[in-house]
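Asks: Shown below is the structure under consideration.
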Amino acid sequence: MTARILDGAALARSIRADMAQRAAALAGRGRPPGLAVILVGEDPASSVYVRNKVKDCEEVGIRSILDHLPVHTTQDSLLARIRQLNADPSVHGILVQLPLPPQIDAHTVIETISPAKDVDGFHVASAGALMTGQAGFLPCTPYGVMKMLEHAGAVLKGAEAVVVGRSNIVGKPQAMLLLQSDATVTICHSRTRDLAAHTRRADILVAAVGRMKMITGDMVKPGAIVIDVGMNRDAAGRLCGDVDFDAVREVASWITPVPGGVGPMTRAMLLVNTIEAAERAAA
């Protein structure tokens, strides 16, 4: 068996086309959607991510506001700027690019963003809404994974799902979304004993632990759908995931590549959340 490729880049293009139509409808009503992106400092990876997000906004018709602040920005001044954006009715989403410089507490920053504009889905109110099944903004990466599973025709009801990783950004919300879709979910992590015993049971395997090629071919159930959220660099500087792609591809039924898998979907779901925030505000 050779797995089919879950092409996140292609699916993201389709989502962006749909978001462009919804953005145009809002603009036609005099309510163009707006996203504020705050970047503090000069982290190279963060600069690339932010540049891509701004480009995505331009493509679909979302007005983007980029605040690029110096690395020595104080926490108080950053919080003051966020409060200004919270009060601006033309701004529907606020994103503060992580990581932040050491003098700034990321949790305090995230909790200062209005839950109505928390398009990253990181606010405790968003996490609570997800936990209790209420309406809120979903974190973009787990949201994108669910769209990819839907695209692959995955039957989640009653399926065994294993999530490797327990972060607040990916692992925990991913498990909750799978649980809401009636999968039976196991959360594993870097300290799980006999990890392979768990992953071999998985009909759906999501790897989001941040360890290069940690999931090998012998750890995967034949026919499983394997989603690789990892983003690492090998000794040659090439991007690779948490999954040994070449080995696992010979076992799984579907697999996401790195790059070109989950990453483009994460960016696409940020646009979805921003449009949703603008539509809620317009209503």
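The values are calculated or read from the model by the stated rules, or taken from the named source; none is laboratory data. Note that the structure is predicted; figures quoted are calculated from it, not measured. Neighbour counts are summed over all protein chains in view; Cβ atoms, including those assigned to glycine, are modelled from backbone coordinates with ideal geometry.
Asks: For Pro99, only one of the following conditions fails: (1) surrounded by 18 or more Cβ atoms within 10 Å (Cβ to Cβ); (2) in the same structural domain as Arg51 (by TED's automatic domain parsing). What is its number?
Replies: (1)
Asks: Would you mind stating whether Ile15 is out of contact with any Cys (no Cβ under 7 Å at 6 or more places or on another chain) and within 30 Å of Ala252 (Cβ to Cβ)?
Replies: Judged against the criteria, Ile15 is a match.
Asks: Within the range 246-258, can you find the residues that are in a helix (DSSP H, G or I) and surrounded by 22 or more Cβ atoms within 10 Å (Cβ to Cβ)?
Replies: Result: Val248, single match.
Asks: If you check Arg193, Arg166, Arg201, which single one turns out to be more than 19 Å from Gly241 (Cα to Cα), among the basic types (Lys, Arg) and either crowded, with 24+ Cβ neighbours inside 10 Å or touching a strand residue (DSSP E or B) at 6+ places or on another chain (Cβ under 7 Å) (or both)?
Replies: Arg201
Asks: Pick from the range 215-244 the residues that are outside any strand (DSSP E or B), within 22 Å of the chain's Cα centre (by Cα) and over 21 Å from Pro142 (Cβ atoms): which of them is modelled with the lowest pLDDT?
Replies: Arg238
Asks: State which residue is farthest from the chain's Cα centre (by Cα) when the search covers only the range 39-69 and only residues that are over 22 Å from Glu279 (Cα atoms) and modelled with pLDDT of 95 or more.
Replies: Taking the candidates together, the pick is Leu69.
Asks: Could I ask something else about it? Kindly evaluate Ser90 against the criterion of being farther than 28 Å from Leu177 by Cα and either of a type in the set (Lys, Arg) or assigned to a loop (DSSP other than H, G, I, E, B) (or both).
Replies: Criteria met by Ser90.
Asks: Within the group Ile110, Ile82, which residue is within 17 Å of the chain's Cα centre (by Cα), of a type outside the set (D, E, K, R) and part of a helix (DSSP H, G or I)?
Replies: Being within 17 Å of the chain's Cα centre (by Cα), of a type outside the set (D, E, K, R) and part of a helix (DSSP H, G or I) holds for just one of Ile110, Ile82, which is Ile110.
Asks: Quick check, is Arg200 touching a helix residue (DSSP H, G or I) at 6+ places or on another chain (Cβ under 7 Å), modelled with pLDDT of 95 or more and under 30 Å from Leu85 (Cα atoms)?
Replies: no
Asks: Given the residues Ala281, Ala268, which is the only one that is part of a helix (DSSP H, G or I), surrounded by fewer than 22 Cβ atoms within 10 Å (Cβ to Cβ) and not acidic (Asp, Glu)?
Replies: Among Ala281, Ala268, only Ala281 is part of a helix (DSSP H, G or I), surrounded by fewer than 22 Cβ atoms within 10 Å (Cβ to Cβ) and not acidic (Asp, Glu).
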